[in-house]
Amino acid sequence: MKKRKVFFSLIYSLGQITTGLFLHPYQTMQSLVKQKLFIWMTLLPSLFLSFLTIFWKLAVVPTVQIVFSCTTSNFVACDWISFFSNFVTFFCIYWQILLLYLLIRFTFVYRD
């Protein structure tokens, strides 16, 4: 019973930190650097991008190409695949750079 509570507490904490890094990266990184327990979550955008890229290339793109036969038709979704992929990649790289900047900034501020 105790392991179950610890597991759900950990999942809840990770969800709260993820939401905080997405909505309020400045405040969340400040508290992460102060407490240092979940500092590894600074790499969350890179991990997200890695898993999404693998899922995207193995599941989404082949499915869309088979269902809509992108080689023979001019369906709009076939053209949007690369645009959406580039947008998500740009967003994750930009988010990662922001978090690394905030990590360095707050590390120097709270290094006492």
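The values are calculated or read from the model by the stated rules, or taken from the named source; none is laboratory data. Predicted, not measured: the structure shown is a model, and the values here were computed from it. A quick note on method: Cβ atoms are made from the backbone with ideal geometry, for glycine too, and the neighbour counts reach across all protein chains shown.
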Only one residue in ILE66, ILE81, ILE54 is out of contact with any strand residue (DSSP E or B) (no Cβ under 9 Å at 6 or more places or on another chain), surrounded by 14 or more Cβ atoms within 10 Å (Cβ to Cβ) and aliphatic (A, V, I, L, M). Which one?
ILE81
Determine, yes or no, whether ASN86 is of a type outside the set (A, V, I, L, M), in a loop (DSSP other than H, G, I, E, B) and loosely packed, with under 15 Cβ neighbours inside 10 Å.
no
Scan (1) within 30 Å of PHE108 (Cβ to Cβ); (2) modelled with pLDDT under 90; (3) part of a helix (DSSP H, G or I) for the single condition GLN30 breaks and write down its number.
(2)
Within region 51-60, does at least one residue satisfy the condition of being at pLDDT below 90, within 30 Å of ILE17 (Cα to Cα) and not in a helix (DSSP H, G or I)?
no
Would you tally the residues in region 89-103 being surrounded by 13 or more Cβ atoms within 10 Å (Cβ to Cβ) and β-branched (Val, Ile, Thr)?
2
